[in-house]
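To start, the structure itself, in structure tokens.
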Amino acid sequence: ITTRLVGSEMCIRDRFMTDGSLARHISRMRTRCRGVRDALLAALAASPLAERYTVSAADGGLHFLLHLRTTLSDIALCAALAERGVRVRSLRDYYAVPPAADTHTLVISYAGLSADCVQELVRRLDTV
């Protein structure tokens, strides 16, 4: 997909990238996302779910991996969470050739999550 920018849009984009606005935006977003990630990890650690999970790849980026001890298949796990309004993907969805066994690993993206929603998300995760 390509997007065409015309006249004034190109000027605005160019100014945003060259006058320091982009760097400030990235800095703000890093701080915001780090805060949401930290709140989410703390809420998970303090929840009843704490006995049934481990986390990996949480030290950077906009997502982490949540490894759950569950008897549900990856497909059933994601479907159960979708019924509860939680859209997540299983790690197996990212394999070129899916593994024979279920991974029981969810890719938790927190870029679009607000800190206000963290406790509710953890509560819903704990229901599966």
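In the stretch 75-90, the residues that are in contact (Cβ under 8 Å) with a residue 40 or more places away in the chain reach residues that are in a helix (DSSP H, G or I) with C-beta atoms within less than 8 angstrom, at least six apart or across chains, in these pairs: L81/R124; L81/L125; R84/R124. Among the residues of the stretch 77-104, those identified as assigned to a helix (DSSP H, G or I), touching a helix residue (DSSP H, G or I) at 6+ places or on another chain (Cβ under 9 Å) and farther than 18 Å from R52 by Cβ are R92, D93. In the stretch 111-125 there is no residue matching the filter, namely being closer than 20 Å to T54 by Cβ, at pLDDT below 95 and among the polar types (S, T, N, Q). Sort out which residues of the stretch 72-91 are touching a Ser or Thr at 6+ places or on another chain (Cβ under 7 Å) and more than 11 Å from R124 (Cβ to Cβ), and write them in order of number. Residues satisfying the conditions are D74, L77, C78, S90, L91. Evaluating L106 against the criteria (1) of a type in the set (A, V, I, L, M); (2) under 16 Å from S73 (Cα atoms); (3) at pLDDT below 95; (4) touching a Leu at 6+ places or on another chain (Cβ under 8 Å) leaves one unmet condition, (3). Among the residues of the stretch 23-59, those identified as charged (D, E, K, R), open to solvent by 80 Å² or more (accessible area, probe 1.4 Å) and part of a helix (DSSP H, G or I) are R24, R28, R30, R32, R34, E51. Cβ-Cβ under 7 Å, sequence separation 6+ or interchain: first residue in the stretch 36-54 and without any contact (Cβ under 8 Å) to a residue 12 or more places away in the chain and of a type in the set (A, V, I, L, M, F, W, C), partner in a helix (DSSP H, G or I) and surrounded by 13 or more Cβ atoms within 10 Å (Cβ to Cβ). Which pairs? From the stretch 36-54, the pairs are A50/L44.
Which residue, of V118, V122, V107, is part of a helix (DSSP H, G or I), of a type outside the set (K, R), open to solvent by less than 30 Å² (accessible area, probe 1.4 Å) and touching a Ser or Thr at 6+ places or on another chain (Cβ under 9 Å)? Step by step, each of V118, V122, V107 is checked, and only V122 is part of a helix (DSSP H, G or I), of a type outside the set (K, R), open to solvent by less than 30 Å² (accessible area, probe 1.4 Å) and touching a Ser or Thr at 6+ places or on another chain (Cβ under 9 Å).
The values are calculated or read from the model by the stated rules, or taken from the named source; none is laboratory data. Keep in mind it's a predicted model, so treat the numbers as computed, not measured. A quick note on method: Cβ atoms are made from the backbone with ideal geometry, for glycine too, and the neighbour counts reach across all protein chains shown. Surface areas here come from the heavy atoms of the whole protein model, side chains and all, with no ligands, DNA or RNA. Shrake-Rupley method; radii C 1.70, N 1.55, O 1.52, S 1.80 Å.
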